[in-house]
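Computed from the coordinates by the stated procedures, all read-outs in this text should not be read as laboratory data. Keep in mind that what you see is a predicted model, and the values were worked out from it rather than measured. Every residue, glycine among them, receives a Cβ derived from its backbone with ideal geometry; neighbour counts consider all protein chains shown.
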Amino acid sequence: MTLGAHGPAAETLRAYGPTASFCPRCAAQLSATPPTSCAACGYQLFINARPTGGVIVLDGHPDDRRFLALKRAAQPQAGRWELPGGFCDGWEHPAEAAVREAREELGVEVELGDLVGMYLGGYDFQGETLPVLDVFFLARIATGEITLNPSESSDMKWFPLAEPPPLAFSTMDRAVRDTARRFGH
Ligand SMILES: [Zn+2]
């Protein structure tokens, strides 16, 4: 994306998200931020939380449960620990996205367990904060050896469920806390 002569302020003005100010169908200026209708063409613009699928991969020791965290290599939140996962593509189900993202980020096939929960959060990207609905599943590695994707992750570590580091997004902190509680930590 080119910022143009007006810099970041102009980029924010053209954002397609909660602060959208132009109609995505006819490009007319909107008179209000979404949800709103375009006065020129009638298009109704809604902004909804975008779903993601993610995994809390457990290592299987019942007395000392640990989960897998990756160190983010890319913005936003580069250098922070996170859970494997990512945005759903098109009509992809969050469970399918979780398995696909684990394959892309870890190089393994995971088997999903229970749904941990759905968490509403914010994702700061491209000059706007998008609402996201993060859906996390318990998972275990079914086949393969972990091989990090260097464009996504610079490091990995198993952390005790009861003593997680601060994670890149608050939805992940909440999901790990709920998982620890589920196992009585
Ligand atoms: Zn319009």
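Tabulated values for the structure
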{"read-out": "Within the chain, helix-based [θ] at 222 nm, where runs of 4 or more DSSP H residues each add -39,500 (n - 2.57), nearest 500", "value": "-5000 deg cm²/dmol"}
{"read-out": "Stokes-Einstein D in µm²/s, Kirkwood radius over Cα pairs - region 131-185 at 20 °C with 1.002 mPa s viscosity", "value": "161"}
{"read-out": "Disulfide-incompatible cysteines by the Cβ rule (no partner under 4.7 Å) in the chain", "value": "Cys88"}
{"read-out": "Alpha-carbon spread of region 66-116, three principal axes, descending order, Å", "value": "29, 28, 22"}
{"read-out": "Net charge contributed by nearby residues that have their C-beta within less than 12 Å of Phe136 (K/R +1, D/E -1)", "value": "-3"}
{"read-out": "Debye log10 I(q)/I(0) for region 67-166, one point scatterer per Cα, at q = 0.20 Å⁻¹", "value": "-1.19"}
{"read-out": "Full-stretch length increase - Arg103, Phe183 - with 0.36 nm per residue and alpha-carbon distance subtracted", "value": "26.2 nm"}
{"read-out": "Packing rank of 127-133, 41-47, where each peptide gets the mean count of other beta carbons within 10 Å, highest leading", "value": "127-133, 41-47"}
{"read-out": "Principal axis dimensions, the chain - Cα atoms, whole angstrom, descending", "value": "62, 31, 27"}
{"read-out": "DSSP-defined antiparallel bridges as percent of all bridges, region 50-182, nearest 5", "value": "75"}
{"read-out": "Förster-model FRET efficiency, 45 Å R0, Asp64 and Thr129, C-beta, rounded to 0.05", "value": "0.75"}
{"read-out": "Difference of contour (0.36 nm per residue) and Cα-Cα distance, Leu120 to Trp158", "value": "11.2 nm"}
{"read-out": "Projected label distance in nm at Ser170 and Ala78, using a 7 Å step from Cα toward the beta-carbon", "value": "2.5"}
{"read-out": "Region 43-63 residues near the modelled Arg140 label - backbone nitrogen below 17 Å, point 7 Å along Cα→Cβ", "value": "55-63"}
